[in-house]
1. Answer rounded, prolate or oblate for the chain, using the Cα gyration tensor with square roots of eigenvalues a ≥ b ≥ c: rounded when a/c is under 1.5, else prolate when a/b is larger than b/c, else oblate.
2. Give the relative contact order (percent, whole number) for region 2-144; include only Cα pairs under 8 Å separated by 6+ residues.
3. What is the angle, in °, between the Cα long axis of helix 52-68 and the longest principal axis of the Cα atoms in the chain? Nearest 10 is fine, range 0 to 90.
4. Taking the Cα atoms only, what angle lies between the long axis of helix 132-144 and the longest principal axis of the chain, rounded to 10 degrees?
5. Using Cβ contacts closer than 10 Å as the measure, can you line up R13, R130 from fewest to most?
6. Pairing the Cα long axis of helix 81-92 with the longest principal axis of the chain, what angle in degrees results, from 0 to 90 and rounded to the nearest 10?
7. Sorted by packing (mean other beta-carbon atoms within 10 Å per residue), highest first, where do 84-90, 70-76, 28-34 land?
8. Answer rounded, prolate or oblate for region 94-134, using the Cα gyration tensor with square roots of eigenvalues a ≥ b ≥ c: rounded when a/c is under 1.5, else prolate when a/b is larger than b/c, else oblate.
Amino acid sequence: MKIYLAGSIAGGRDFEKGIKLISDVLEKMGHILMTKDNVVGNEFKKNPKRTLTDRRNVMKRDKKWIGECDAFIAEVSTYSHGVGYEHAYAESLEKPILFLRSSKLNGVNYSAFLDGTEYKKFMFSFYDERNIDEILNKYFQKYFK
């Protein structure tokens, strides 16, 4: 499957290892990560200064990828305007969505937008290296069986 993996870039990279973990597990499962160079390779580090034209091209490209993806998965431990926008766009296209938040933050307050939705193709979970395989398998079984 083609996976759009989202995660904070400009908003902070405190959970970059988690994004890498999720990416690695998805690839081991045989999925194609459409956003690997962006989210895992961190395109922002490579290209820190962008013109308005560059930013518009990123938006167009990412919206195209979201339209083409089979599944939308986001690491949401760090607040991100971009991930929020991508999530809303994916939901408008009725894509199955999985939000993953680091288990290190279990018990820490977070936005109602992470689990307060009534969208029927939505799943939220706290993850770590011990349970990420199980969570991803549950997500794919639930929405792609």
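Quick note: the coordinates plus some simple rules give every number you see, no bench work behind them. Bear in mind the structure is a predicted one, so any value in this text is a computation, not a measurement. No Cβ is skipped: glycine too gets one built from the backbone with ideal geometry, and neighbour counts run over all protein chains shown.
1. On the way: a/c = 1.39, a/b = 1.27, b/c = 1.10.
Rounded.
2. Working: 187 pairs, mean separation 39.2, N = 143.
Worked out over region 2-144, it gives 27 percent.
3. So the helix axis and the longest Cα principal axis differ by about 30 degrees.
4. Around 90 degrees separate the two axes.
5. Arranged by neighbour count, lowest to highest, R13, R130 become R130, R13.
6. 60 degrees
7. Details: 84-90: 18.6, 70-76: 24.1, 28-34: 14.4.
Descending mean neighbour count gives 70-76, 84-90, 28-34.
8. Oblate, because a/c is 1.5 or more while a/b does not exceed b/c.
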